[in-house]
Amino acid sequence: MEQKEEFNRSLGPWLLWGLGVGYVISGMYFGWNLGLPVGGTLGLGVATLLIILLYICFSFSYTELACMIPKAGGAFDYGREALGNAWAYLVGTAQLIEFLFAPPAIAAAIGAYFSLFLPGVDPIWIAIIAYIFFTLLNIIGVKFAASFEFAITILAVFELLLFSGLTFPSFSWEKFSHNPLPNGWSGALSALPFAVWFFLAIEGVANVAEETKDPQKNILRGFGSALATLVVLCGLVFFSSIGVGGWEMIVYPEPGAAASDYPLPLALRKLYGESGWAFHLLITIGLFGLIASFHGIILAGGRASFEFGRANFLPGFFGKIHPKFKTPANALIANTIFGIAALCTGKTSELITLSAFGALLLYFCSMISFFILRKKQPERERPFIVPGKLWMPSIALILSALVLGVSAWQHPILFVIFVLILGSGLVWARSAIFAK
């Protein structure tokens with residue numbers, strides 16, 4: 001590269017923990033419970049165990065890549081070194097789809113939450129204001145943005161612990177185990193995409209590698225501590241919410257009603273009613289979980305788009321760093337414009353599914369890159385080496401392919417749209433892909 005665009009290195013392990021947990025934590029609040037009608041408690045439980053195994057194996061394998069190649073593009077840069085520009089385009093576009101389509105879906109949920117307190121305001125305008133505010137927050141500086149993320153993630157984690165403390169005393173094994181497999185064991189396969197929501201986007205930790213102090217050590221600490229926290233929270237939320245009154249109670253607000261996307265308030269409503277202080281506290285603080293993931297994925301998405309621009313896979317406008325704030329301001333602004341447009345479609349569930357397709361393809365392709373780099377560059381310095389030889393990346397490769405296949409089978413039309421989006425970038429990236 002002729003130009004030297006450099007970030008400020010200001011992130012330590014605690015801020016990386018805050019980012020890693022913050023990217024994901026909204027998945028504890030909504031989305032996962034939609035897997036209960038297809039899988040039941042046992043089916044979704046087994047699916048969640050498989051997904052935990054996937055993310056443990058993937059995160060450790062991905063950490064090896066991130067410590068070896070600490071660049072803002074994450075999977076894009078690993079793919080480029082492994083198999084060249086064409087592979088990097090595929091991996092990088094999958095990453096962009098994940099980080100571009102998840103924020104508008106979460107923004108819609110933020111607008112819906114705030115509308116409970118501002119009933120006269122259209123939720124979409126609240127969501128747009130949130131988009132603009134958090135984009136500006138990210139432009140101001142990564143340390144400030146990460147510090148904000150850390151604080152709001154602490155509040156979101158506290159709320160989940162409080163929720164578990166309020167509900168576990170009423171746990172009933174009889175209610176928890178009622179109707180455990182409504183659709184047989186095939187339902188466990190159908191529940192896999194919903195279990196992904198417990199951990200989706202943790203890989204965004206790698207996208208701030210160029211802004212991390214001593215990334216060869218701190219990336220591992222950030223990934224490891226964030227994943228451990230999320231596994232514990234996942235178990236607490238799963239058992240404490242379902243055990244109050246069975247899985248049907250946290251899916252359907254009323255008999256015959258459509259499935260809800262707010263399982264935790266439904267569990268508390270069962271115990272305390274809608275006038276109870278605990279119910280209102282959860283509704284209020286629950287916003288922090290949504291905001292943490294929304295803000296964090298905006299941060300990671302800006303770095304992914306920046307790296308695409310820096311490599312000329314997007315117009316050079318994307319690959320510029322703000323001279324004062326040292327952040328990828330152009331990429332952040334462009335991502336926000338796209339996100340607001342996607343938000344205005346009102347297709348929240350479709351946006352979530354497209355984001356999940358991007359994440360799963362990213363995991364699969366990243367593991368291919370892992371094996372290729374192990375073969376092509378065996379002597380390269382690796383500050384962290386995944387334990388257990390190659391069984392962790394192998395499991396991550398197999399499980400990501402399985403979950404992607406199941407998700408495509410469940411949503412064939414959206415998968416075709418996903419493939420078309422993957423190919424659409426060839427219009428502007430073709431010259432860079434085939435450059436020698």
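The values are calculated or read from the model by the stated rules, or taken from the named source; none is laboratory data. Computed from a predicted model, the values in this text were never measured in an experiment. A quick note on method: Cβ atoms are made from the backbone with ideal geometry, for glycine too, and the neighbour counts reach across all protein chains shown. Keep in mind that these areas ignore ligands, DNA and RNA; they rest on the heavy atoms of the full protein, side chains included. Shrake-Rupley method; radii C 1.70, N 1.55, O 1.52, S 1.80 Å.
What the table shows:
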quantity: Value of Rg to Rh for the range 208-301 (Rh from inverse mean 1/r over Cα pairs, i.e. Kirkwood); calculated: 1.11
quantity: Theoretical gain in end-to-end length, Phe144 to His280 [0.36 nm per residue, Cα-Cα removed]; calculated: 46.0 nm
quantity: Residue-span extension gain [Ser172 to Tyr252] - 0.36 nm each, minus C-alpha spacing; calculated: 26.9 nm
quantity: Spin-label proximity, Ile337 to the range 113-155 - amide N less than 15 Å from point 7 Å beyond Cα toward beta carbon; calculated: 132
quantity: Whole-Å semi-axes of the range 180-228's equivalent ellipsoid (Cα gyration tensor); calculated: 35, 10, 6
quantity: Rounded to whole Å, sorted largest first: equivalent-ellipsoid semi-axes of the range 146-295, Cα gyration tensor; calculated: 31, 20, 13
quantity: Charge sum, other residues only, whose C-beta stays under 15 Å from Val91's C-beta, Lys/Arg counted +1 and Asp/Glu -1; calculated: -2
quantity: Accessible area of the range 336-436 belonging to carbon and sulfur atoms, whole % at 1.4 Å probe; calculated: 72 percent
quantity: Straight-distance crosslink candidates among lysines, where the alpha carbon sits under 23 Å from Lys143 and sequence neighbours closer than 8 are dropped; calculated: Lys4, Lys71, Lys213, Lys217, Lys320, Lys324, Lys326
quantity: Spin-label pair Ser260/Ile129, simplified geometry with 7 Å Cα→Cβ offset, distance in nm; calculated: 2.6 nm
quantity: Taking all pairs of distinct alpha-carbon atoms in the chain, Kirkwood radius in angstrom; calculated: 21.7 Å
quantity: Rg/Rh for the range 43-202, where both radii come from Cα atoms and Rh is the Kirkwood radius; calculated: 1.02
quantity: Value of [θ]222 nm, deg cm²/dmol, for the chain, DSSP H segments ≥ 4, -39500 (n - 2.57) each, nearest 500; calculated: -23500 deg cm²/dmol
quantity: Sequence of His322, His295 from largest to smallest accessible area, 1.4 Å probe; calculated: His322, His295
quantity: Formal net charge of residues neighbouring Ile242 (Cβ-Cβ distance under 10 Å; K, R +1; D, E -1); calculated: 0
quantity: Translational diffusion of the range 231-387, µm² s⁻¹ [Kirkwood Rh, Cα pairs; Stokes-Einstein; 20 °C; 1.002 mPa s]; calculated: 108 µm²/s
quantity: Debye-sum result for the range 311-436 in log10 I(q)/I(0), which assumes one identical scatterer on each alpha carbon, at q = 0.12, 0.15, 0.23 Å⁻¹; calculated: -0.71, -1.05, -1.24
quantity: Size of electric dipole in the chain: Cβ of Lys, Arg +1 and of Asp, Glu -1, about Cα centre, debye, nearest 20; calculated: 1040 debye
quantity: Local electrostatic count, Glu81, Cβ distance below 11 Å [Lys/Arg +1, Asp/Glu -1]; calculated: +3
quantity: Cut-off of 10 Å, at most 13 other beta carbons, DSSP loop: longest stretch of the chain lacking such chymotrypsin sites (Phe, Trp or Tyr not before Pro); calculated: 186-433
quantity: Solvent-accessible area per residue for the range 18-428 (1.4 angstrom probe, square angstrom); calculated: 36 Å²
quantity: The range 120-198 shape via C-alpha gyration tensor axes, a/c threshold 1.5; calculated: prolate
